[in-house]
1. For LEU379, indicate whether it is in the same structural domain as GLY267 (by TED's automatic domain parsing), hydrophobic (A, V, I, L, M, F, W, C), under 22 Å from PRO284 (Cβ atoms) and not in a strand (DSSP E or B).
2. With the condition kept exactly as written, say whether any residue in the range 395-418 is buried (at least 19 other Cβ atoms within 10 Å of the Cβ), modelled with pLDDT of 95 or more and part of a loop (DSSP other than H, G, I, E, B).
3. What number goes with the only condition from (1) in contact with a helix residue (DSSP H, G or I) (Cβ under 8 Å, 6 or more places away or on another chain); (2) outside any helix (DSSP H, G or I); (3) at pLDDT 95 or above that LYS265 does not pass?
4. Is the range 311-323 home to any residue that is more than 25 Å from MET220 (Cβ to Cβ) and not basic (Lys, Arg)?
5. Restricting to the range 285-335, what's the tally of residues that are touching a Lys or Arg at 6+ places or on another chain (Cβ under 9 Å), closer than 20 Å to VAL264 by Cβ and not in a strand (DSSP E or B)?
6. Output the number of residues of the range 74-90 satisfying the condition of being under 10 Å from the mean Cα position of the chain (by Cα) and among the aliphatic types (A, V, I, L, M).
7. Quickly run through the range 301-320 and pick out the residues that are in contact with a Leu (Cβ under 8 Å, 6 or more places away or on another chain) and either modelled with pLDDT under 95 or not assigned by TED's automatic domain parsing to the domain that holds LEU379 (or both).
8. Where the second residue is modelled with pLDDT of 95 or more and basic (Lys, Arg) and the first is assigned to a helix (DSSP H, G or I) and lies in the range 420-443, which pairs have Cβ atoms under 7 Å and are six or more apart or on separate chains?
Amino acid sequence: MPAESALGGIMKPSYYWAVWGLQRPPWGCTRPRAPFKRRNFSVAVQLQAAAVVKVPTMAESISEGTLSAMLKKVGDFVEVDEEIATIETDKIDVSVLAPEAGILREIFVNEGSTVTVGEQIARIEIDLGRPLSKEDTSARPGDVLGISEALTGEIVAPELTKPSHQPIDPIEEPKLATPTPTPRKLTNVEPELNPAGSTAAPSMPDDRGKRSVKMSRMRMTIADRLKQSQNTAASLTTFNEVDVSALVKLRRKYKDEILESHGVKIGFMGAFTKAATLALKAFPQVNASIETDEQGDAMVTYRDYVDISVAVSTPKGLVTPVVRNCERLSVVEIERAIAHYAQKARNGRITMDDLAGGNFTISNGGVFGSMMGTPIINLPQTAVLGVNAIKERPVAIDGKVEIRPMMYLALTYDHRLIDGRESVGFLVKLRDYLEDPVRMLLE
């Protein structure tokens with residue numbers, strides 16, 4: 001008699017056999033009804049995904065770079081936002097961060113290759129079944145998740161490997177080599193005398209090696225821009241010297257107090273920058289630039305604000321982060337900003353926004369011991385100030401010779417826009433502020 005289904009209908013024979021897990025018998029054959037057995041099913045599902053690492057967007061003017069370093073290798077675990085590679089561009093180094101946590105499975109690009117924005121450079125395999133961490137080394141992509149364990153609470157033990165009853169070969173001890181005595185070489189005990197008039201030739205160490213390395217992108221860009229500056233601007237340099245006795249005494253008197261109250265290690269760059277800012281306000285031509293409009297006509301752009309680029313030396317080259325709105329900042333605030341950007345530059349964390357803009361550049365060669373130099377203009381700016389080492393020298397003061405801490409200033413300017421009156425007047429104004437730093441508080 002046909003069996004009734006749960007829906008109240010009559011089940012067909014084929015459906016009837018399939019429900020009870022039995023093979024369908026040939027037509028015309030009868031088969032005893034098999035008892036139903038409860039079975040536990042263990043389903044294994046592999047929950048994995050992949051994340052592709054791409055070259056990040058760097059800046060509007062930068063579309064490519066060089067993969068200078070791959071910080072992780074295939075098989076390493078990486079955390080989210082962990083730095084896995086470094087891309088060197090014309091101006092800065094860009095960090096490539098992991099978009100997801102997982103195992104680095106593939107690297108598509110070799111070190112030293114040129115990469116473009118959006119290009120795929122690596123693949124990270126993600127395990128969605130369980131959270132991974134560096135400490136949890138047992139969880140690897142490819143592990144399976146037993147769903148029956150999670151649903152029924154019944155743990156399905158893995159099949160154990162049967163112990164092998166094959167005899168284990170004994171460990172063969174290594175044979176020790178019998179030392180063979182080295183035959184003794186008989187030499188003449190008496191030293192051989194050099195013939196009269198002959199001298200022994202001295203041995204010359206082979207230290208005349210050389211090596212060639214590929215010039216970095218940053219170094220090539222610096223070289224191109226410096227040569228462009230020399231070919232474009234009508235560069236001229238004028239000098240002056242400054243007695244910084246009052247500035248040295250002022251720093252010595254307040255440096256500990258400023259460090260305690262503001263957490264800033266005060267130097268001289270803050271005072272140099274503030275004095276240059278006030279001098280730029282007095283001579284706006286030095287703060288201006290020559291630009292070209294849409295019709296191709298040359299235009300002079302004057303600015304009411306002062307954004308000063310401070311040259312910072314790094315192992316890969318010179319960068320010039322910008323301290324903005326210096327006319328609104330105090331000496332301590334400027335010093336803090338310079339220290340912040342210098343630290344970022346030396347750690348390779350400087351960004352394009354930190355370098356963008358700038359109306360005037362200050363280059364402090366004195367930290368390297370420079371006495372005098374002629375800096376090169378940082379286009380499209382029209383002037384650059386070079387400050388040098390402070391050295392005690394004898395100078396004539398009111399008809400007497402005294403030892404004073406002296407420093408040379410150098411201003412390189414574009415003679416197409418700035419004449420001698422503005423350049424020399426700027427240096428004299430700057431000298432007056434540095435020799436009497438209290439005047440900066442009155443401006």
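1. Values: in the same structural domain as GLY267 (by TED's automatic domain parsing): yes; hydrophobic (A, V, I, L, M, F, W, C): yes; under 22 Å from PRO284 (Cβ atoms): yes; not in a strand (DSSP E or B): yes.
So LEU379 passes the test.
2. Yes, that holds for at least one residue.
3. Here LYS265 meets the rest and fails (3).
4. Yes: the range 311-323 contains one or more residues that are more than 25 Å from MET220 (Cβ to Cβ) and not basic (Lys, Arg).
5. 8
6. First, the residues of the range 74-90 that are under 10 Å from the mean Cα position of the chain (by Cα): 83, 85-88.
Adding the requirement that they be among the aliphatic types (A, V, I, L, M) leaves 85, 87.
Here the count works out to 2.
7. ALA311, VAL312, VAL319, THR320
8. Pairs found: MET440/LYS274.
The values are calculated or read from the model by the stated rules, or taken from the named source; none is laboratory data. Note that the coordinates shown come from a computational prediction; the quantities given were computed from them, not determined experimentally. Cβ atoms come from the backbone with ideal geometry, glycine included; neighbour counts cover every protein chain shown.
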